[in-house]
Amino acid sequence: MKTDQPADHLADATRIVNAGRRSEWTGPVVNPPVWRASTHLYPDTAALFAGGRENADGRFFYGRRGAPTQWALADALTALEPGAAGTVLYPSGVAAIAGVMLTVLKPGDVVLISDNAYDPSRAMGKGLLADFGIEPRFFDPLDFAGYQAAFCDRTRAVLLEAPGSLSMEMADLPALARMAREKGAIAIMDNTWAGPLGFPALQRGMDVSIMALTKHVGGHSDLMMGSASAGPALYERLRQRSQQLGNVVSPDDAALALRGLRTLHLRLRHEADSALTIAQWLASREEVAQVLCPMLPGAPGHDIWKRDFTGGCGLFSFVFKGGSASARNRFVDALRLFGIGFSWGGFESLALPIEPSGYRSRMPWPPAVCSADDRHGVRLAIGLEDPADLIADIEQALAAWRE
Ligand SMILES: *Cc1c(COP(=O)(O)O)cnc(C)c1O
């Protein structure tokens with residue numbers, strides 16, 4: 001790329017290669033160097049006083065406001081999110097969610113939280129936010145009338161996430177966001193699963209799009225970071241609150257995230273294709289009661305996913321037909337190519353036993369599409385391995401489940 005800003009008409013793959021690579025930040029090399037800096041020096045006092053305290057984003061000022069490595073990452077993420085005026089970086093995905101909540105909410109407000117949101121988001125509602133006098137109310141995102149009824153004149157924000165954490169329900173996100181707007185509430189979306197390539201959240205009606213960069217943008221299981229992208233007014237508020245909270249992101253991690261970002265579209269496509277192949281295979285197995293993967297034709301939420309999303313990723317769940325928790329755990333232990341661990345979005349496959357009922361107050365587990373005996377689930381994060389090898393591994397582990 002020879003010009004400084006990727007043009008809007010270019011395809012995602014082209015933009016992702018070029019985004020954030022302003023020559024004033026990269027100099028004569030391809031990537032911005034790792035600028036390790038607390039102190040930024042001024043040539044003289046005139047420059048110091050001209051520094052401008054109001055908006056030093058993208059200008060040298062002091063280390064808490066970052067330097068070109070962090071600016072390039074934020075700039076690239078903004079370029080990938082249609083409708084965003086800017087992106088704030090946070091030291092983790094949870095810090096991004098907290099940073100957004102503490103920007104848009106104040107004591108006395110009510111926040112509606114999707115019942116199937118990432119559990120630390122739920123815990124933040126019941127802990128941090130409740131301690132600060134903000135009332136969290138959980139709602140079933142599949143029950144539109146219940147959602148509408150949950151609003152009151154103190155509702156200031158709604159936290160949405162789809163597919164749902166662990167159980168992978170696909171909500172009608174544009175309709176939920178539209179209702180939030182009508183009620184004067186800010187629609188916050190945790191968009192970690194699809195990211196802007198699969199779900200351009202602001203374009204679909206959200207006010208803020210949050211990502212745990214720890215997952216797919218980092219992509220190599222070696223960094224923690226989060227982001228929030230928004231339109232001009234809200235972005236400016238997020239930026240100021242983030243500075244007040246003292247959030248910083250290390251330039252080394254920002255450089256790693258930029259490296260991950262350049263291959264994001266390739267990795268997502270490969271993972272999503274492999275996940276679909278594996279989900280299809282699992283759906284044909286007699287040991288499996290239900291595959292919970294909105295990308296899979298016939299699975300719950302597929303129609304909405306197809307309508308609203310342009311992509312997905314390698315993360316989905318399935319539920320065993322009957323059996324016991326220990327049989328399910330035997331299956332996970334017998335897998336050889338899948339690590340056992342939280343997180344996802346890295347290059348390597350992971351498996352996790354799931355029991356969502358402990359993290360729900362409004363939605364049933366097992367889901368309505370399963371019978372009461374079909375409740376022992378596994379979440380798979382499909383990585384970049386050959387899907388045939390992963391299927392063979394799952395097949396041999398199913399023998400351990402049947403024992
Ligand atoms: C992992 C995750 C987060 C939190 O990200 P961290 O970087 O681990 O704090 C938030 N939301 C979703 C959907 C996640 O999967």
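Here the range 57-88 is scanned for amide nitrogen atoms under 20 Å from the site 7 Å beyond the Cα of His9 along Cα-to-Cβ, giving 79-83. Computed with a 1.4 Å probe over protein heavy atoms only, the accessible area of His220 comes to about 70 Å². Neighbours of Asp393, meaning other residues whose beta-carbon lies under 11 angstrom from its beta-carbon, give a summed charge of -3 when Lys and Arg score +1 and Asp and Glu score -1.
Let me know the charge dipole size of the range 304-403 about its Cα centre in debye, to the nearest 20, where only the beta-carbon of Lys, Arg (+1) and Asp, Glu (-1) is charged. Before the final figure, lay out the partial values.
Values: 11 positive and 12 negative charges, 108 e Å.
Using Cβ point charges on Lys, Arg, Asp and Glu, the range 304-403 gives about 520 debye.
The accessible area of Ile340, taken with all protein chains in place and a 1.4 Å probe, comes to roughly 110 Å². When +1 charges are put on Lys and Arg Cβ atoms and -1 charges on Asp and Glu Cβ atoms, the dipole computed for the chain relative to its Cα centre reaches about 860 debye.
Shape call for the range 128-189 from the C-alpha gyration tensor, a ≥ b ≥ c root eigenvalues: rounded (a/c under 1.5), prolate (a/b greater than b/c) or oblate? Oblate, because a/c is 1.5 or more while a/b does not exceed b/c. Based on the Cβ-Cβ distance from Thr310 to Glu403, what FRET efficiency comes out when R0 is 51 Å, to the nearest 0.05? After rounding, the FRET efficiency stands at 0.75.
Under 5 Å between amide hydrogens, built in the peptide plane, is the criterion, and for Ser92 it picks out Gly226 among residues at least 5 positions away or on other chains.
Residues whose amide H comes within less than 5 Å of that of Gly86, counting only those at least five positions distant or on another chain, are Ala230 (H built at 1.01 Å from N in the peptide plane). For Leu384, the amide hydrogen comes within under 5 Å of the amide hydrogens of Glu348, Ser349, counting only partners 5 or more places away or on other chains and with H modelled in the peptide plane.
A 1.4 Å probe, protein heavy atoms only, puts the accessible area of Val104 near 10 Å². Roughly how many nanometres apart are two label points built 7 Å out from the Cα toward the Cβ at Ala37 and Asp386? With each label point 7 Å from Cα toward Cβ, the separation is 4.8 nm. Answer rounded, prolate or oblate for the range 81-192, using the Cα gyration tensor with square roots of eigenvalues a ≥ b ≥ c: rounded when a/c is under 1.5, else prolate when a/b is larger than b/c, else oblate. Judged from the Cα gyration tensor, the range 81-192 comes out rounded (a/c under 1.5).
Which Cα, out of Gly311, Ala400, Thr87, lies furthest along the positive dipole direction of the chain (beta carbon charges, K/R +1, D/E -1)? Of the candidates, Thr87 comes out farthest on the positive side. Counted over the chain, the DSSP beta bridges are approximately 55% antiparallel. For the chain, set up a GNM with springs between Cα atoms under 10 Å and report which of Gly66, Gly358, Gly108 has the largest fluctuation. Of Gly66, Gly358, Gly108, the most mobile in the Gaussian network model is Gly358.
With n ≥ 4 as the cut-off for DSSP H runs, can you work out [θ] at 222 nm for the chain, using -39500 (n - 2.57) per run divided by the number of residues, rounded to the nearest 500?
Values: 15 runs with 147 residues, N = 403.
For the chain, the value works out to -10500 deg cm²/dmol.
A simple spin-label model places pseudo-atoms 7 Å from Cα toward Cβ; at Leu128 and Ala325 they are separated by 2.9 nm.
Residue-wise HN-Hα couplings along the range 149-162, as the Karplus relation 6.51 cos²θ - 1.76 cosθ + 1.60 with θ = phi - 60° gives them from phi, are 6, 6, 6, 9, 6, 9, 6, 10, 7, 10, 9, 10, 7, 8 Hz; Gly and Pro carry x.
Cross-link partners for Lys306 among the lysines, with Cα-Cα distance under 28 Å and sequence neighbours closer than 8 places in the same chain left out: Lys183, Lys215, Lys321.
Among Trp281, Trp71, what's the order by accessible area (1.4 angstrom probe), most exposed first?
Details: Trp281 50, Trp71 20 Å².
Ranked from most to least accessible, the order is Trp281, Trp71.
Per residue, the chain exposes an accessible area of 42 Å² to a 1.4 Å probe, with every protein chain left in place. Across the range 12-261, the relative contact order, built from alpha-carbon pairs under 8 Å that are at least six residues apart, equals 25 percent.
When the Cα positions of Ser227, Trp25, Met168 are compared along the charge dipole of the chain, Trp25 comes out farthest toward the positive end, with charges on each C-beta of Lys, Arg, Asp and Glu.
Each part reduced to its alpha carbon centroid, the range 65-107 and the range 159-188 end up 20 Å apart.
With all protein chains present, how much of the accessible area of the chain (probe radius 1.4 Å) comes from carbon and sulfur, to the nearest whole percent?
Here it works out to 54 percent.
Summing charges over all other residues whose Cβ lies under 10 Å from the Cβ of Gly133, with Lys and Arg as +1 and Asp and Glu as -1, gives -2.
Let me make sure I get this right: for the range 264-402, a, b and c are the square roots of the gyration tensor eigenvalues over alpha carbons, sorted descending. Under 1.5 in a/c it's rounded, otherwise prolate if a/b > b/c, else oblate. Which is it?
On the way: a/c = 1.57, a/b = 1.11, b/c = 1.42.
Cα axes put the range 264-402 in the oblate bin.
The values are calculated or read from the model by the stated rules, or taken from the named source; none is laboratory data. No experiment lies behind these values; they were computed from the predicted model shown. As a convention, Cβ positions derive from the backbone with ideal geometry for all residues, glycine included, and neighbour counts pool all protein chains shown. Just the protein is used for accessible areas: all its heavy atoms, side chains included, with ligands, DNA and RNA removed. Shrake-Rupley method; radii C 1.70, N 1.55, O 1.52, S 1.80 Å.
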